[in-house]
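See below for the structure under consideration.
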Ligand SMILES: Nc1ncnc2c1ncn2[C@@H]1O[C@H](COP(=O)(O)OP(=O)(O)OP(=O)(O)O)[C@@H](O)[C@H]1O
């Protein structure tokens, strides 16, 4: 039996005003895509950032198994070690490209600097790999030297995907990556993401307010309301037979769409 890549138990982040996320429990297996859905303010981004160690948890544990099988408790990881894992094992795709890209350097540098951080130095090879990745995310490699500020929103999000996947991470966190995109651009982005993630066998935890996104991408879904997971299970089961009244509401809203 394959070991979970992430084992989350009793995880809470309390902002002190009754807001945050509380007592979250789940396991994530290698190659699995999990969506966290819920309305605005339900605690999705808080949970994601606490999982990734960007916010300090107030209770509970997040156990991560790295590619060598070693286990790390992420809630009390020294900062240097967290950064090392973030470089070598994880990716983090943000809602706003400007938070996840370096807007002042070229598209090629945005991709290759992640490899340089892992010790790769050969200029020709870095440039070749960066060009290959631009093509994988459907950006013309002739745009290698352009800055992301000259790209459309959809291209910027695809560039973020390239920047995050180039290091062959095992786990990628995504915080509402389609939030700022037009519906037609969203569909293309989701299709591409699904393909790349599946081909590389990467585990993904994606925050979205849209159960339709979960339907496209995720084997499993957590439904959050007011900081708590009110329903968790296979996405298909939640869509076909939602148990919690709030999940029923979410499902009926996508059926109407
Ligand atoms: N730094 C903070 N201090 C205090 N309260 C916060 C802080 N950050 C977020 N909150 C509150 O915690 C709750 C959960 O916020 P969070 O951003 O996790 O929700 P979300 O489900 O991701 O929402 P959205 O979809 O709008 O991004 C909200 O009520 C928010 O106002």
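Taken together, the values in this text are just the output of simple stated rules run on the coordinates, not laboratory data. Worth saying up front: this structure is predicted, and the values here are computed from it rather than measured. Neighbour counts run over all protein chains shown; Cβ positions are idealised from the backbone, glycine included.
Answer yes or no: is there a residue in region 127-148 that is under 25 Å from residue 44 (Cα atoms), without any contact (Cβ under 8 Å) to a residue 40 or more places away in the chain and under 21 Å from the mean Cα position of the chain (by Cα). Checked region 127-148: no residue is under 25 Å from residue 44 (Cα atoms), without any contact (Cβ under 8 Å) to a residue 40 or more places away in the chain and under 21 Å from the mean Cα position of the chain (by Cα). Suppose we keep only residues that are at positive phi and within 12 Å of the ligand (Cβ to nearest atom) within region 37-58. Which one would you say is surrounded by the fewest Cβ atoms within 10 Å (Cβ to Cβ)? Per the stated criteria, the residue is 41. The numbered conditions (1) buried (at least 22 other Cβ atoms within 10 Å of the Cβ); (2) within 21 Å of residue 42 (Cβ to Cβ) are all true for residue 166 except (2). Taking region 50-74 as the range and being within 16 Å of residue 14 (Cα to Cα) and free of Cβ contacts under 8 Å to residues at least 40 places away in the same chain as the test, the residues that pass are 50, 53, 54. When residue 78 is tested against (1) away from the ligand (no atom under 16 Å from the Cβ); (2) exposed (fewer than 14 other Cβ atoms within 10 Å of the Cβ); (3) under 18 Å from the mean Cα position of the chain (by Cα), exactly one condition is not met: (3). Scanning region 14-36 for residues that are more than 9 Å from the ligand (Cβ to nearest atom), in a strand (DSSP E or B) and touching a residue at least 24 places away in the same chain (Cβ under 8 Å) gives 14, 22, 23, 24, 25, 26, 28, 33, 34, 35.
Within region 183-228, the set of residues being assigned to a loop (DSSP other than H, G, I, E, B) and away from the ligand (no atom under 16 Å from the Cβ) comprises 201, 202, 218, 219.
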